[in-house]
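What follows is one structure encoded as structure tokens, with my remarks underneath.
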Amino acid sequence: MDGFFNKQRCDRCGASLKGGFTMSRFSTDALCMKCAEEERQHPDYQFTNDIELAAVRAGDRNFAGLGWPGKNGRIKR
């Protein structure tokens with residue numbers, strides 16, 4: 001089984017994932033719901049979604065993401 005589904009702690013803040021979790025759009029990090037919401041507010045979130053969708057449509061089902069730039073960072077385009 002994939003180790004992602006056995007994670008106990010958020011890869012960003014270390015909080016428990018018992019209340020539910022998701023994968024980051026920027027990376028393969030497992031995120032608690034608080035960090036996932038913070039990520040959705042990032043100005044590059046839609047850009048990252050578009051890049052991921054293009055990768056999947058091109059056949060890349062293991063897209064690793066563009067990397068989390070941090071709360072105040074930006075993705076280089």
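Residue selection: T28 satisfies the criterion of being of a type in the set (S, T, Y), within 15 Å of G65 (Cα to Cα) and out of contact with any strand residue (DSSP E or B) (no Cβ under 7 Å at 6 or more places or on another chain).
Only one of the listed residues (L53, L17, L31) is aliphatic (A, V, I, L, M) and loosely packed, with under 12 Cβ neighbours inside 10 Å. That residue is L53.
Pairs linking a residue in the stretch 33-62 that is under 15 Å from K76 (Cα atoms) to a residue that is in a helix (DSSP H, G or I), with Cβ atoms under 7 Å and 6 or more positions apart or on different chains, are Y45/E39.
Kindly indicate whether K71 is among the charged types (D, E, K, R), in contact (Cβ under 8 Å) with a residue 12 or more places away in the chain and in contact with a Cys (Cβ under 8 Å, 6 or more places away or on another chain). When the stated conditions are applied, K71 does not pass them. Of all residues in the stretch 1-19, those satisfying the criterion of being at pLDDT 95 or above and among the small types (G, A, S) are G14, A15, S16.
The values are calculated or read from the model by the stated rules, or taken from the named source; none is laboratory data. What you see is a predicted model; the values in this text were computed from it and never measured. FYI the Cβ positions are ideal-geometry reconstructions off the backbone, even for glycines, and counts take in every protein chain you see.
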